[in-house]
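Novice: Here it is: the structure, laid out below.
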Amino acid sequence: MAGTRTFTMIKPDGVEDNNIGNILQMITDAGFTIKAMKLTRLSTEQAQEFYAIHAERPFYGELVEYMTSGPIIAAILEKDNAVEDFRTLIGATNPAEAAEGTIRAKYAESIGRNAVHGSDSDENAEIEGNFHFPVAEVVA
Ligand code: CMP
């Protein structure tokens, strides 16, 4: 059975472009409940660890530099079928390929500056949520 939680970040471009409110509105309108949320800024070490899975990719350095360039919003979201439904809501990684009406089609600039992150599996949703929030900070 699909899990009920996913993890998201509003990336530095989403925060810088004043789209925190717009993006959170789309998320809650789509039926997600916010279980934990914070405004934070990743250190280089945190970004390297969070994106360790991409360490061998040519864009890794750029990705770490970008994700540490400004504040982000990190949040744990709840809904039935959370991971898949959230990925549908945000659209394709490259906003040029994102379906109309998705968060990335509306607010993302490029494949790097793509406004939001969404976990790609239930397993990663748990790992990524735990990376940012101790269990005590997640609302029951
Ligand atoms: P996300 O899926 O949230 O996490 C990995 C990120 O790497 C992805 O979003 C993109 O922002 C980024 N990424 C993927 N492919 C590229 C690329 N070719 N060039 C730059 N960044 C990329």
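Novice: Could you tell me how many of the residues in the range 92-110 are buried (at least 16 other Cβ atoms within 10 Å of the Cβ) and of a type in the set (Gly, Ala, Ser)?
Specialist: So the answer is 4.
Novice: Is it true that residue 128 is touching a strand residue (DSSP E or B) at 6+ places or on another chain (Cβ under 6 Å), in contact (Cβ under 8 Å) with a residue 60 or more places away in the chain and open to solvent by less than 50 Å² (accessible area, probe 1.4 Å)? Break it down stepwise before answering.
Specialist: Working: touching a strand residue (DSSP E or B) at 6+ places or on another chain (Cβ under 6 Å): yes; in contact (Cβ under 8 Å) with a residue 60 or more places away in the chain: yes; open to solvent by less than 50 Å² (accessible area, probe 1.4 Å): yes.
So residue 128 fits the description; yes.
Novice: Would you point out which residue out of 133, 86 is within 12 Å of the ligand (Cβ to nearest atom), aromatic (Phe, Trp, Tyr) and out of contact with any helix residue (DSSP H, G or I) (no Cβ under 6 Å at 6 or more places or on another chain)? Give the derivation first.
Specialist: Details: 133 fails: within 12 Å of the ligand (Cβ to nearest atom).
Residue meeting the stated conditions: 86.
Residues are listed down the side, and each one gets a yes or a no for (1) among the hydroxyl-bearing types (Ser, Thr, Tyr); (2) loosely packed, with under 13 Cβ neighbours inside 10 Å; (3) in contact (Cβ under 8 Å) with a residue 12 or more places away in the chain; (4) within 15 Å of residue 115 (Cβ to Cβ):
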{"position": "9", "(1), (2), (3), (4)": "no, no, yes, yes"}
{"position": "12", "(1), (2), (3), (4)": "no, no, yes, yes"}
{"position": "21", "(1), (2), (3), (4)": "no, yes, no, yes"}
{"position": "41", "(1), (2), (3), (4)": "no, no, yes, no"}
{"position": "47", "(1), (2), (3), (4)": "no, no, yes, no"}
{"position": "52", "(1), (2), (3), (4)": "no, yes, no, no"}
{"position": "64", "(1), (2), (3), (4)": "no, no, yes, no"}
{"position": "67", "(1), (2), (3), (4)": "no, no, yes, yes"}
{"position": "76", "(1), (2), (3), (4)": "no, no, yes, no"}
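Novice: Shifting gears a bit: Out of the residues in the range 111-125 that are within 9 Å of the ligand (Cβ to nearest atom) and among the charged types (D, E, K, R), state the one that is least open to solvent (accessible area, probe 1.4 Å).
Specialist: In this case the residue turns out to be 113.
Novice: Being of a type outside the set (Lys, Arg) and near the ligand (Cβ under 10 Å from one of its atoms) is the filter here, so list the residues in the range 97-110 that pass it. Quick ask: steps written out before the conclusion?
Specialist: Taking the range 97-110 and keeping what is of a type outside the set (Lys, Arg), we get 97-103, 105, 107-110.
Answer for the range 97-110, where residues must be of a type outside the set (Lys, Arg) and near the ligand (Cβ under 10 Å from one of its atoms): 108, 110.
The values are calculated or read from the model by the stated rules, or taken from the named source; none is laboratory data. Just so we're clear, the structure is a prediction, and the values are computed from it rather than from any experiment. Quick reminder, even Gly has a Cβ in these numbers, built from the backbone with ideal geometry, and neighbours come from all protein chains shown. In case anyone asks, the SASA skips ligands and DNA or RNA and just uses the protein heavy atoms, side chains included. Shrake-Rupley method; radii C 1.70, N 1.55, O 1.52, S 1.80 Å.
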